Amino acid sequence: WYIIPVHRSKVITTISEFSKKQIMEITHCKENRIVVIPDCYSPIFSFIPKDMRKDCPQLLQVGTGWNKNLERVIEAVKGTNWQLNIIGELSQEQRNALSERGITYSNYRNLSMEQVRDTYVQSDIVVFVSLYEGFGLPIVEAQAVGRPVVTSSIEPMIDVSGGSAALVNPYSSVDIHNAIQRIIEDDSYRNELIRRGFENSNKYSIDVIGGKYEELYNSFL
């Protein structure tokens, strides 16, 4: 599924340096044939300022698959007054874990793009501590809306967040908890993450990314 198409193509595009390295490892494709063009976020994700609800902050978790690391987020949230809002289909095991730890949560499924955007707007912090991603678009979507992000200190999340997110060890629920706590309590730190995050998101606008594809196509013409 990968090797034959790769070797029949003149140029391969992929969404991150991390994915590029994986393509090279799997297919033995030469590096100069692979062009990295990141994902872009939808223009409906626009900057909407919001005051932090320190008495009961709303945390947004995007995704429930094995790589989304929800189980460790649950451990990080237990024993707090934080509300966890989750996008994605929850398994019975995940529901049990949330209930057993006394976590207040909401679960959203089958949302339109506008409804997804609204969940970002309503949140105070976006938690995206994945164990594996090809890119990590929720990081950029959150930053475009103006929400601070907690994400994993592994690639490609490090690169995508551009030094403008709270980076944590995704295998440590304590690390995740402490990062969320600091964002809630430290106003200067939180505001700096928001400011730098919004600047970072501009690199992934549809105009910028569309221009990269246009440049590539024009190189063939």
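A straight chain from Ile4 to Arg195 at 0.36 nm per residue would run longer than the Cα-Cα distance by 64.4 nm. Which value, in Å² rounded to 10, gives the accessible area of Met52 with a 1.4 Å probe and all protein chains present? Around 30 Å² of this residue is reachable by solvent. Ranking Thr27, Ile176, Asn200 by how far each Cα lies toward the positive end of the dipole of the chain (charges on Cβ) leaves Thr27 at the top. Springs join every pair of Cα atoms under 10 Å in this Gaussian network model of the chain, and among Ile209, Ile26, Ile37 the largest mean-square fluctuation is at Ile26.
May I ask for the Rg/Rh ratio of region 115-169, computed from Cα atoms with Rh as the Kirkwood radius, given to two decimals? Ratio of gyration radius to Kirkwood radius: 0.94. The orientation-averaged shadow of the Cα convex hull for region 1-131, equal to a quarter of the hull surface, comes to 10.5 nm². For region 26-81, the direction-averaged projected area of the alpha-carbon convex hull comes to 7.6 nm². The mean of 1/r over all pairs of different alpha-carbon atoms in region 59-138, once inverted, gives a Kirkwood hydrodynamic radius of 12.9 Å.
For region 1-121, lysine pairs with C-alpha atoms less than 30 angstrom apart, excluding pairs fewer than eight positions apart on the same chain, total 12. Per residue, the chain reaches -13500 deg cm²/dmol at 222 nm when only DSSP H runs of four or more residues are counted, each adding -39500 (n - 2.57). Above 30 Å lies some portion of the pair distances; for the chain, what is it as a whole percent of all C-alpha pairs? It works out to 27 percent of all Cα pairs. Separation of region 170-199 and region 201-219, taken as the distance between their Cα centroids, equals 30 angstrom.
Net charge near Asp175: determine it from the other residues with C-beta under 13 Å of the C-beta of Asp175, scoring Lys and Arg +1 and Asp and Glu -1. Neighbour charge sum, excluding Asp175 itself: +1. A full extension of the chain between Lys203 and Glu215 corresponds to an added length of 2.7 nm, given 0.36 nm per residue minus the alpha carbon distance.
Largest first, the residues Val208, Val62, Val126 sort by 1.4 Å accessible area into Val208, Val62, Val126.
Over region 1-60, the pair-distance histogram of Cα-Cα distances with 5 Å bins from zero comes to 4, 14, 19, 14, 8, 7, 8, 9, 7, 7, 3, 0 percent, rounded to whole numbers.
Across all C-alpha atoms in region 104-200, the radius of gyration and Dmax reach 12.8, 36 Å.
Averaged per residue, region 2-103 has 56 square angstrom of accessible surface, using a 1.4 angstrom probe with ligands and nucleic acids left out. Each Cα pair under 8 Å and six or more residues apart adds its separation to the average, and for the chain the resulting relative contact order is 21 percent. If R₀ is 25 angstrom, what is the calculated FRET efficiency for the pair Arg101 and Val121, using the beta carbon separation as r and rounding to 0.05? Approximately 0.40, to the nearest 0.05. For region 4-66, the relative contact order works out to 31 percent when only alpha carbon pairs closer than 8 Å and six or more residues apart are counted.
The values are calculated or read from the model by the stated rules, or taken from the named source; none is laboratory data. Owing to the predicted nature of the structure, the values given are computational and were not obtained by experimental measurement. Here Cβ is always computed from backbone atoms with ideal geometry, including for glycine, and neighbour counts include all displayed protein chains. We work out accessible area using only protein heavy atoms, side chains counted, and drop any ligands, DNA or RNA first. Shrake-Rupley method; radii C 1.70, N 1.55, O 1.52, S 1.80 Å.
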